[in-house]
Amino acid sequence: MAGNRTLTMIKPDAVRNNHIGGILSMINDGGFRIVAMKYLRLTPEKAGKFYEVHKERPFYGELVDFMSSGPIVAAILEKDNAVEDFRTLIGATNPANAAEGTIRKRYATSIGENAVHGSDSDDNARLEGDFFFSELERF
Ligand code: CMP
């Protein structure tokens, strides 16, 4: 059975471009409830740890530099079928391929600076939620 939570980050590009409000509004309009949320800046070490699965990829260094380049908003979101429905709402990783009406179509500028992250599986949603939030920070 599909889980009902996913983890998102509003990435440094979207924060710099003042899109926090617009993205949160699309998240609310998409039917997601905010379970947990914080505004923080990842260190390069923490960003490297979060994206450890991509360690062998050629873009890993660039990804870590970018994700630690400024503040982000991290949040746990709740909805039936959260992981899949959120990935539909955010659109393709490369904004050039993102569908109309998606967050990345509206706010992302490139495959590297793509405005938002969304977990790719229920297992990763749990791991990523635990990366940012304690039980006391979830409502
Ligand atoms: P995200 O959904 O956060 O998960 C992995 C991230 O790696 C992805 O979004 C992109 O930001 C980044 N990424 C994936 N492919 C590339 C690429 N070819 N070049 C740069 N960054 C990439």
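Data table
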item	result
For the chain, accessible area per residue (1.4 Å probe, heavy atoms of protein chains only), Å²	54
Total lysine pairs under 15 Å (Cα atoms) in the range 5-137, excluding pairs fewer than 8 apart on one chain	4
Within the accessible area of the chain (1.4 Å probe), percent carbon and sulfur	51
Where labels lie 7 Å past Cα in the beta-carbon direction, separation of Asn18 and Glu56 in nm	4.4
For the range 5-137, alpha-carbon Rg relative to the globular expectation (2.2 N^0.38 Å, N residues)	0.96
Unit charges at the beta carbon, dipole of the chain: most positive-side option, Pro12, Ala74, Ile111	Pro12
Nearest-20 debye value, the chain charge dipole, Cβ charges on Lys, Arg, Asp, Glu	340
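The values are calculated or read from the model by the stated rules, or taken from the named source; none is laboratory data. Keep in mind the model is a prediction, meaning the values are calculated, not measured. We place every Cβ from the backbone using ideal geometry, glycine too, and count neighbours over all the protein chains shown. Remember, those area values only see protein heavy atoms, side chains included, never the ligands or the DNA or RNA. Shrake-Rupley method; radii C 1.70, N 1.55, O 1.52, S 1.80 Å.
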